[in-house]
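Since the structure comes first, as structure tokens, the remarks are kept for the end.
No value in this document is a laboratory result; all are computed from the given coordinates. This one's a predicted model, so the numbers in the text were calculated from it and none came from an experiment. Positions of Cβ are backbone-derived with ideal geometry, glycine not excepted, and every protein chain shown enters the neighbour counts.
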Amino acid sequence: MTNLSVELVQQQVEMLHELVPTATVAAALLNPTFPGSESQSRDLQAAARKLGLQLHVVHASTERDFDPIFAAMVQLRAGMLVIGADPFFFGHRDQIAALAIRHRMPAIFFLREFATVGGLMSYGPIVTESYRQVGIYAGRTLKGEKSADLPVMQSTKFQLVINLKTAKALGLEVPPTVLARADEVIE
């Protein structure tokens, strides 16, 4: 089962830029030890070029990296931040979301759980759908089907979540066109 989190970074950059159209400098937080970070970096660079953004890729692979990295992004005058898809970042979602607010950094995340803990917005797969599919495959395997004969599945349902409380704290007005596309709005 693949959830395509890594492949969605271009759409995430575009959505965040819609919310912060005046931003000319963007930052992307990636974990260099995560196998998908190189492809995310390439996709982020392509999306930034397409939108005329200057992109700074910053790296974190330990919890100690977060504070200095956020301070560096402020020095770089980054007007928006894309958090790369990575289980390490998911494990530190509360800390990352809080740092983004404290440093007044509009950020987009890859799973809804980031928006529920105070992140500005998220766009990514619906994880429960992936788990449901894994359960179906486990059942098929337990009934005797060979795992090697089952096709690789990929996520087909994605959700955009916007946290209006965080938008207000950052002084952002969420355009009606973005709100209309949101699957969930946290007030």
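Of everything in segment 97-111, what is surrounded by fewer than 24 Cβ atoms within 10 Å (Cβ to Cβ) and either in contact with a Ser or Thr (Cβ under 7 Å, 6 or more places away or on another chain) or of a type in the set (Ser, Thr, Tyr) (or both)? Give them in sequence order.
Across segment 97-111, the qualifying residues are ILE101, LEU111.
Hey, among the residues in segment 42-76 that are in contact with a Pro (Cβ under 9 Å, 6 or more places away or on another chain) and not hydrophobic (A, V, I, L, M, F, W, C), which one's farthest from ALA100 (Cα to Cα)?
SER61
I need the full set of residues from segment 28-72 which are among the aliphatic types (A, V, I, L, M), touching a residue at least 24 places away in the same chain (Cβ under 8 Å), touching a strand residue (DSSP E or B) at 6+ places or on another chain (Cβ under 7 Å) and farther than 17 Å from HIS17 by Cα, in order please.
LEU30, VAL58, ALA60, ILE69
Which one is surrounded by the fewest Cβ atoms within 10 Å (Cβ to Cβ) among residues in segment 139-161 that are in contact (Cβ under 8 Å) with a residue 60 or more places away in the chain and under 14 Å from ARG112 (Cβ atoms)?
In this case the residue turns out to be PHE158.
Could you tell me how many of the residues in segment 52-71 are among the β-branched types (Val, Ile, Thr), assigned to a strand (DSSP E or B) and surrounded by fewer than 17 Cβ atoms within 10 Å (Cβ to Cβ)?
0
So, in segment 24-44, exactly how many residues are surrounded by 15 or more Cβ atoms within 10 Å (Cβ to Cβ) and closer than 22 Å to PHE66 by Cα?
Total satisfying the criteria: 13.
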